[in-house]
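Student: My questions all concern the structure below.
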Amino acid sequence: MPKAPASSSSSRQSGSEGKLLKLCYNDRRVVIPRPKSYKDAITATVKHFGRSSEDWTLKTKDLEICDGDLVEIHDDSWDIVREELRTIELFEATAPPLRWVTSIRTPTSRPTTPCSGDRLSIRVVGADGWEIFFKMRPSSSIKQLRRAIAAKIGKEVDDIVLRYDGSRLSDTDTFVNLGVENDDVIEWILDQIGGKPVIYLYAPKELRARVKLSLVPSWQFSALYPVVPVHSGEQGQSLEWDVSTREDGSLFDHDSKADIAYLYWEARTNFSTLPSPPPSPHIGVSSAYFDPLSADLANEDSVLLYVEKNLTGYLDKALQVLGLHVEARTSFITYWLPSFLKHKYVALRFVNQAAYECAAPLDIVPRPDVVTRVFMLFKGVSETNLSKWESASQRALEGVARWRDIVGVDLAKGNDKSLFRVLEWGGMEVLK
């Protein structure tokens, strides 16, 4: 008897299988009802994988004509190929595809991953020593890699800084342009910002003052008001404001000819430098030494607060003990509140102002009678790690008076309106 003709791919798809389609993107697989139109297929990708419809390119290797290659599917061919499709692989339309290959590993378990075709095996090493392995096209951009890392670790893309051979990478860089080879290491670091330090100047009578602010190389200015020239040197960056005090506490800036409430600055950590080592490796050194790159919090030097229950109340009392007036306390809390609300639990501490002064020297002429510089560090703490913060939790119940001695505040002078007083507040979220 003659052999029966081979079944076509469409005839093989029977029952429920012929009504379904598998969408694949990176390590996700979603089975959906077979879309009737190309527009319906794009709508399904947006529903299940997010982003806008313009971000997606659909590819398949199911068709005989593909010869095993991934081939892009266009709107004008959808009706012809629709019934033969079983799997569609999704790629970002604006950039070459990427995929992470393995889950997090420690450096000691590093595999040897040979280059596969036109893909590079990239080792991304985190600040805490773990690694993620990716396979990427040489033409892929650093922006793509940053997005993939953010998705993998649950962080914001803008918080991630990448370095290769000690240099910070730009989003427009590609692996081929950088000369990245198979199994090369790219470091990722979470960018940290010294957020909204503001400086108030109060004098018993109007006076003109020159305010010079310098930064160690670990920091670089990212925002200023009023805007003034920033000078860079081997010792770091510096700037100078020329202002006059007013009896009502406001200031007049002589460069911009503007009336202002305070001086404002912001800085980003500079990962092209290495953090300076602490003066000595003794326990608790973090409360007596501050470097923006190595700053952290520990169970021994912080308080742990439940954000929705007691954080704002505790913080208001602590800032009052540190000499901040009502407007400063309100501005401080409302500025940082959105960052606090991203977490359920937060550890925080205030930096000794003498240690902080070493990282951001402040030189004012004429010399003030008293300078109070309040700088807070905080970080989110997950519920799974609460057992590691028991001392910090207990410390939060013991009141706020301890911070006055730790920061080094002279509250009597700070409240004496007959003196030339300077008050600064700021903070930084530690993303380690």
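Where a number appears in this text, it was derived from the coordinates with a stated rule and is not lab data. Computed from a prediction, not measured in an experiment: that's the story for all the values here. Glycine gets a Cβ as well: all are built from the backbone with ideal geometry, and neighbour counts include every protein chain shown.
Student: So who's got an amide H within less than 5 Å of the one on Leu20, skipping anything under 5 residues away but keeping other chains? H placed 1.01 Å off N, in plane.
Tutor: Hits under the 5 Å cutoff: Arg34.
Student: Please give the Cα centre distance for region 365-408 versus region 192-240, rounded to the nearest Å.
Tutor: The distance from the Cα centre of region 365-408 to that of region 192-240 comes to 24 Å.
Student: Exceeding 21 Å between C-alpha atoms, which entries from my cross-link table qualify? They are Lys309/Lys379; Lys36/Lys59; Lys36/Lys61; Lys36/Lys152; Lys205/Lys413; Lys155/Lys342. Intermediate results must be reported in sequence, preceding the final value.
Tutor: On the way: Lys309/Lys379 17 Å; Lys36/Lys59 17 Å; Lys36/Lys61 19 Å; Lys36/Lys152 33 Å; Lys205/Lys413 17 Å; Lys155/Lys342 11 Å.
Pairs exceeding the cut-off: Lys36/Lys152.
Student: For a quick protection proxy, order the peptides 372-383, 64-75 by their average other-Cβ count within 10 Å, most packed first. Intermediate values should be presented prior to the final figure.
Tutor: Details: 372-383: 19.6, 64-75: 11.4.
Descending packing order for the listed peptides: 372-383, 64-75.
Student: Right, something else. So what does the Cα-only Debye profile of region 304-362 read at q = 0.26 Å⁻¹, as log10 I(q)/I(0), no solvent term?
Tutor: Normalising to I(0) and taking log10 leaves -1.12.
Student: Taking the radius of gyration and the Kirkwood hydrodynamic radius from Cα positions alone, what is the Rg/Rh ratio for region 281-432, to two decimal places?
Tutor: Numbers: Rg = 15.4 Å, Rh = 16.0 Å.
Rounded to two decimals, Rg/Rh equals 0.96.
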